[in-house]
Amino acid sequence: MCGNNMSAPLPAIVPAARKATAAVIFLHGLGDTGHGWAEAFGGIRIPHVKYICPHAPTMPVTLNMRMSMPSWFDIYSLSPNAEEDESGIKRASDNLKTMIDQEVKNGIPSHRIILGGFSQDVTVLQCHGEADPLVPFSFGSRTAEKLRSLLGPEKVLFKAYPGLPHSACPEVRTKCIL
């Protein structure tokens with residue numbers, strides 16, 4: 001990707017079927033890549049939207065016994081009070097800003113660029129499976145509460161999905177991009 005400072009491969013891109021007037025930048029979860037998400041978006045795409053699914057760089061992840069895997073930043077622990085990889089988060093944030101800036105240079109207005117992700121915090125819509133064994137449901141609920149306190153309760157929608165584990169079902173994929 002243009003301006004990639006994270007030594008990751010070029011993103012998986014689903015081009016718009018006609019002139020792109022909007023873009024979705026969608027970040028995958030820990031250990032994954034953008035390929036599967038690009039395939040999912042390809043099946044439900046909106047003709048004027050370009051879907052960009054970047055790949056996180058491969059790095060050792062403390063949480064997983066320092067095994068190397070795709071990760072946007074190091075994760076030390078899932079404890080609510082755990083220290084966070086501030087420099088890694090800043091690096092990922094800077095890279096995301098570079099991607100947004102590139103799309104603006106490509107002619108897509110910034111207000112027509114949506115950021116989303118799986119197993120990430122989403123600004124407006126947050127979906128969480130009630131049966132998630134990896135990221136406890138309470139973490140999702142508390143994240144939504146924190147986002148509401150920062151952005152205002154009317155700007156954050158938290159959707160719970162009974163029986164859904166740490167994955168996305170077709171209903172979640174459709175709601176997340178419409």
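Hey, among Ser93, Ser71, which residue is in contact (Cβ under 8 Å) with a residue 24 or more places away in the chain, within 18 Å of Asp121 (Cβ to Cβ) and either buried (at least 18 other Cβ atoms within 10 Å of the Cβ) or of a type outside the set (D, E, K, R) (or both)?
One residue alone meets the criteria, Ser71.
Of the residues examined, Arg66 is not one that is at pLDDT below 95 and touching a strand residue (DSSP E or B) at 6+ places or on another chain (Cβ under 7 Å).
No other residue among Phe118, Phe139 is of a type in the set (Phe, Trp, Tyr), out of contact with any Pro (no Cβ under 8 Å at 6 or more places or on another chain) and surrounded by 13 or more Cβ atoms within 10 Å (Cβ to Cβ) apart from Phe118. Note on the stretch 42-54: residues that are at pLDDT 95 or above and either under 15 Å from the mean Cα position of the chain (by Cα) or open to solvent by 30 Å² or more (accessible area, probe 1.4 Å) (or both) amount to 7. For the stretch 5-48, a tally of residues being among the hydroxyl-bearing types (Ser, Thr, Tyr) and more than 19 Å from Lys97 (Cβ to Cβ) returns 2.
When residues in the stretch 101-115 are screened for being open to solvent by 40 Å² or more (accessible area, probe 1.4 Å) and closer than 18 Å to Ala12 by Cβ, 4 of them pass. Note on the stretch 68-100: among residues that are among the aliphatic types (A, V, I, L, M) and closer than 19 Å to Pro9 by Cα, the one that is farthest from the chain's Cα centre (by Cα) is Met69. Count of the stretch 142-160 residues, restricted to those that are in a loop (DSSP other than H, G, I, E, B) and surrounded by 13 or more Cβ atoms within 10 Å (Cβ to Cβ), is 1.
Restricting Ala82, Ala38 to those that are without any contact (Cβ under 8 Å) to a residue 12 or more places away in the chain and open to solvent by less than 50 Å² (accessible area, probe 1.4 Å) reduces the list to Ala82.
With respect to the conditions (1) at pLDDT below 95; (2) crowded, with 16+ Cβ neighbours inside 10 Å; (3) assigned by the TED database to the domain that holds Ile108, Met1 falls short on a single one, namely (3).
The values are calculated or read from the model by the stated rules, or taken from the named source; none is laboratory data. A quick note: this is a predicted structure, and the numbers were derived from the prediction, not measured. Because the Cβ atoms are built from the backbone with ideal geometry, glycine has one as well, and the counts that use them run over all protein chains shown. All accessible areas refer to the heavy atoms of the entire protein, side chains included, with ligands and DNA or RNA removed. Shrake-Rupley method; radii C 1.70, N 1.55, O 1.52, S 1.80 Å.
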